[in-house]
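The values are calculated or read from the model by the stated rules, or taken from the named source; none is laboratory data. Predicted model, so just to flag it, every value in this text is computed and none were measured. Positions of Cβ are generated from backbone atoms using ideal geometry, with glycine treated the same way; all protein chains shown enter the neighbour counts. Just the protein is used for accessible areas: all its heavy atoms, side chains included, with ligands, DNA and RNA removed. Shrake-Rupley method; radii C 1.70, N 1.55, O 1.52, S 1.80 Å.
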Amino acid sequence: MTAALIQQNSHHWWNSRGMKRFARHRLAMMGVFMLLLLTSACIFGPYLLRYDSLYIDLPARFSAPFTGDHYLGTDPLGRDIAARLLMAGRISLLVGFFAMVLSTAIGTVIGVVAGYYGGTVNSLLMRFVDAFLAFPSIFLLLALAAFINPSPVMITIIIAVTSWMEIARIVEAEVKSLRERDFVLAGRMLGLSNVHIMFRELLPNLIGPIIVAATLTVARAILLEAYISFLGYGIQPPLPSWGNMLNGAQQYLATAPWLAIVPGIAITMAVTSFNFIGDGLRDALDARTDPA
Amino acid sequence: MAGFLLRRLGQSIALLIIVSMIGFGILHLTPGGPLSQYALTPGMTQETMDRIAEQMGLNRPLPIQYLDWAWRLLQGDWGVSYRDQQPVLSVIGRHMFATFLLMASSTVIAIAVGTWIGIKGATHRYSLFDYTATVGAMVALSIPTFWFGLVGIYIFSLELGWLPAGNMYTIGDGSVLDYLHHLILPSLVLALVNIAIWSRYMRTATLDVINQDFVKTARAKGVSERRILMKHVVGNALLPMITLAGMQLPNLLSGALITETVFTWPGMGRLFLDSLGYNDYPVVMGLLMFSAILVLLGNLIADLVAAAIDPRIRLA
């Protein structure tokens, strides 16, 4: 019966009250716009630019932005920064997105199980969450990154492994508050399995908070990738990422500041977009802050 | 209070055990495990490696190895740095002060500025100031700390020449003023994210307090707005901030690592990265465990202080 209710609501989800509230949220709309701009630039841009991201234009090394053929200048090897920025964006956005998918999955499963069973299972799992939160995330990420093969897939996995805890906490709290509701009792009386109740009956009610948390997790994951790649333990060259484009930029800060400034703007734009969208979704999906 | 103290202490110890298990698990992820330090020795053979493994007790069941490792950890035997053969704990100890100095000064800045922004935003809700602060906080949380550091160095060190671009003191100087001069930029950089977080929480906390009955009563009695704000509102709003400060400790340590790298600040974060570069796993593992223990300790202290001030917490 919950499923029926959900279906009724989601029949015209684009027309729902939440969506309208989201569309009225100015910052969120700005976030959506910036994100569309960034992703389409990263997808189509490289085909439109004159230079390939790996082409080495030695005579044009260290060109400043807006001066010659290279729109955003070149790096110490004479590679086109605009082309590299867009290719790097593909990697950074994909790593951020898939790290979010994975950490949301881990966090949701742990949160639902902990919240639903309660008791010992709950305290065991939630203490595990607390213990993971005790490690400063950059320390944990760097230690893991130094010990593994730093392929984009492994980087995605370790980012997910270090950022599922928030979602687990949110989901656990929600499930706890729903556990004693009539539809769960009815499900038990019908003889539905625990797995069915947890993931088919309870989970659909948690979509709102999970989407909000997941959006903010993308922002966090992009930042984490940037941090460890900047420090040299993330995505490895020649594969560009926003973080590793900044690696080594510090030594040229006096002579070629654009090397540091350009990728940083891209990271900030991407992360800000996701944070704005997440904020808008929270306002739109959370009935408690409904001003209407 | 005694009951609360015991309960909270028990929680911390349970967490410490789980934290150490996670640390032990990561230790066994290292290439070659704890043996890796010998693998690079010239003339090393498989037989010698096996013998060392036996001597180190690495062929015993994992739970026994864990207990052994944890017991040595408890006794303060954290292993020896590969790089300079010094005990790990004393290596960490030598880098602690610089990190604490950086974290403390940035926290002072963050609390002062964040509290001011938060209260002003709450008392002037939906004003231009409030709106700018809200958006500004979200943008501040989206800026990579190291990039903010690089931009700061570019503007204030390279272009304007006002502040040093790195290090904790000038060699041959080392006066208090010299330390402070070097401290300004890194602590501002590290403070940015925390100003954003503190101002958001302070705004919410102030809004919570500002509409409560005792504030209305004070206002009805004719107490001045300024006094209400300073005494009743700030006092009550600051209480949850103690817990928040404890909760922010892991992020503060992460931020310190990044900031120290950009500013060649000789603290634990810098040590962590240098040790990674030298494959100095005992120090890396030591710092990982040390930072987690520091966080547990910080949270414990924050909770105890909050409980000492507010009886509602210890009775809950």
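Looking at region A:22-141, what helices (runs of 4 or more DSSP H) fall wholly within it and have at least 2 residues that are more than 18 Å from the chain's Cα centre (by Cα) and within 30 Å of B:Val283 (Cβ to Cβ)? Quick ask: steps written out before the conclusion?
Working: elements: A:26-48, A:81-117, A:119-134.
Answer list for region A:22-141: A:119-134.
Being within 14 Å of chain B (Cβ to nearest Cβ), of a type in the set (D, E, K, R) and open to solvent by 60 Å² or more (accessible area, probe 1.4 Å): is that true of A:Arg188 here? Step through it out loud before you land on a result.
On the way: within 14 Å of chain B (Cβ to nearest Cβ): no; of a type in the set (D, E, K, R): yes; open to solvent by 60 Å² or more (accessible area, probe 1.4 Å): yes.
Taking the combined requirement at face value, the residue does not satisfy it.
Here is a yes/no grid of residues against (1) modelled with pLDDT under 85; (2) within 14 Å of chain A (Cβ to nearest Cβ):
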position: B:Gly149; (1), (2): no, yes
position: B:Gly152; (1), (2): no, yes
position: B:Glu159; (1), (2): yes, yes
position: B:Val176; (1), (2): yes, no
position: B:Tyr179; (1), (2): yes, no
position: B:Ile184; (1), (2): no, no
position: B:Ser187; (1), (2): no, no
position: B:Val215; (1), (2): yes, no
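Exactly one condition in (1) polar (S, T, N, Q); (2) open to solvent by less than 10 Å² (accessible area, probe 1.4 Å); (3) more than 10 Å from chain B (Cβ to nearest Cβ) is not met by A:Gln251; state its number.
(2)
Checking B:Ala302 against (1) more than 14 Å from the chain's Cα centre (by Cα); (2) surrounded by fewer than 21 Cβ atoms within 10 Å (Cβ to Cβ); (3) among the aliphatic types (A, V, I, L, M); (4) closer than 30 Å to B:Trp69 by Cβ: exactly one of these is not met. Which one?
For B:Ala302, the exception is condition (1).
Suppose we filter B:Tyr131, B:Tyr82, B:Tyr126 for residues that are within 14 Å of chain A (Cβ to nearest Cβ), closer than 26 Å to A:Ile267 by Cα, aromatic (Phe, Trp, Tyr) and over 24 Å from the mean Cα position of the chain (by Cα); which single one remains?
On the way: B:Tyr82 fails: closer than 26 Å to A:Ile267 by Cα; B:Tyr126 fails: closer than 26 Å to A:Ile267 by Cα.
Among B:Tyr131, B:Tyr82, B:Tyr126, only B:Tyr131 is within 14 Å of chain A (Cβ to nearest Cβ), closer than 26 Å to A:Ile267 by Cα, aromatic (Phe, Trp, Tyr) and over 24 Å from the mean Cα position of the chain (by Cα).
Okay, residues lined up against (1) at pLDDT 90 or above; (2) open to solvent by less than 30 Å² (accessible area, probe 1.4 Å):
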position	(1), (2)
A:Pro204	no, no
A:Ile210	yes, yes
A:Ala214	yes, yes
A:Thr217	yes, yes
A:Arg220	yes, no
A:Ile228	yes, yes
A:Gln236	no, no
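Hey, any hits in region A:139-151 for a residue that's more than 13 Å from chain B (Cβ to nearest Cβ) and out of contact with any strand residue (DSSP E or B) (no Cβ under 9 Å at 6 or more places or on another chain)?
Within region A:139-151, the subset more than 13 Å from chain B (Cβ to nearest Cβ) is A:151.
In the following step, the residues that additionally are out of contact with any strand residue (DSSP E or B) (no Cβ under 9 Å at 6 or more places or on another chain) were identified as A:151.
Among the residues of region A:139-151, at least one is more than 13 Å from chain B (Cβ to nearest Cβ) and out of contact with any strand residue (DSSP E or B) (no Cβ under 9 Å at 6 or more places or on another chain), which makes the answer yes.
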